[in-house]
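Scroll down for the structure; my scribbles are underneath it.
The values are calculated or read from the model by the stated rules, or taken from the named source; none is laboratory data. As the structure is a computational prediction, the values presented were derived from the model and not from experiment. All Cβ positions, glycine included, derive from the backbone under ideal geometry; neighbour counts span all protein chains shown. SASA here: full protein model, heavy atoms, side chains in, ligands and nucleic acids out. Shrake-Rupley method; radii C 1.70, N 1.55, O 1.52, S 1.80 Å.
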Amino acid sequence: MKLDYQDICPTRVWHISECDENVVKDMYDWALTIPSDYDGVKKSNRGGYHSPVFNTFDNVPHMEILQLALISLPAFTFVGWWMNINNKGDYNLEHVHPDCHLSGIWYFTDNNNSLELRDPNGFNRHKLNNTVDDFHETYHWDCKAGDMVIFPSDVSHSVDIHTLDTPRVSMAFNLKLS
């Protein structure tokens, strides 16, 4: 007898890298001005700053860079963005983003392997998946300043406790497929 298997139903995650360092610095500097203009809100964040969700992209610097980076994705429209600034000890609880198809994060600092994505099948197949050698229920995503990560919005994710003395800064956004 011969046993063969194939893993099916993978979850696609896009990782876009190599953004111009001057663009990243501009975005970082701009991000740090947001808290002085807008009160923060409490969503999944524990500590740190989470801006309100903005539905217009008119005032986002380097928007053309973001659009160009996402050109290989299926056709979409932007439906909202917000700024996250975590200081030492801050983190984000596990959550999903309803009412959209894809979620993204543009990092303006290194994330130090802090983004955790959870396999959507992990919960209901936990016992089975633990018997598979190369299966992981969670994946930590390591991003450098300027990197972007795009993933299906129903993929549960969290952000580990920030351990550095300098802030971890990112802009998150949601997309709806056309």
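Worth pointing out:
Results for (1) under 20 Å from D147 (Cβ atoms); (2) touching a strand residue (DSSP E or B) at 6+ places or on another chain (Cβ under 9 Å), shown as yes or no for each residue.
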| site | (1), (2) |
| --- | --- |
| D37 | no, no |
| V41 | no, yes |
| S44 | no, yes |
| V53 | no, yes |
| L73 | yes, yes |
| Y91 | yes, yes |
| H95 | no, yes |
| D99 | no, yes |
| G104 | yes, yes |
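- Exactly one residue among S44, S36 is among the polar types (S, T, N, Q) and closer than 24 Å to C143 by Cβ, and that residue is S44.
- Residue match in the stretch 114-131 (condition: at pLDDT below 95, open to solvent by 20 Å² or more (accessible area, probe 1.4 Å) and in contact with a helix residue (DSSP H, G or I) (Cβ under 9 Å, 6 or more places away or on another chain)): yes
- The combined condition, being farther than 16 Å from S170 by Cβ, free of Cβ contacts under 8 Å to residues at least 40 places away in the same chain and outside any loop (DSSP other than H, G, I, E, B), is not fulfilled by Q6.
- Candidate set: the stretch 148-161, residues that are of a type outside the set (A, V, I, L, M, F, W, C) and either part of a strand (DSSP E or B) or open to solvent by 10 Å² or more (accessible area, probe 1.4 Å) (or both); chosen: the one farthest from F78 (Cα to Cα): D160
- Of residues in the stretch 1-22 being modelled with pLDDT under 95 and more than 25 Å from H157 (Cα to Cα), the one surrounded by the most Cβ atoms within 10 Å (Cβ to Cβ): Y5
- Neighbours by Cβ (under 6 Å, 6+ apart or cross-chain): first from the stretch 24-45, closer than 19 Å to D58 by Cβ; second in a loop (DSSP other than H, G, I, E, B) and not basic (K, R): D26/P61; M27/F108; W30/P61; A31/F108; I34/S51; Y38/S51; Y38/P52
- Selected residue (only one of K42, K25 is basic (K, R), open to solvent by 80 Å² or more (accessible area, probe 1.4 Å), farther than 24 Å from P98 by Cα and at pLDDT 95 or above): K25
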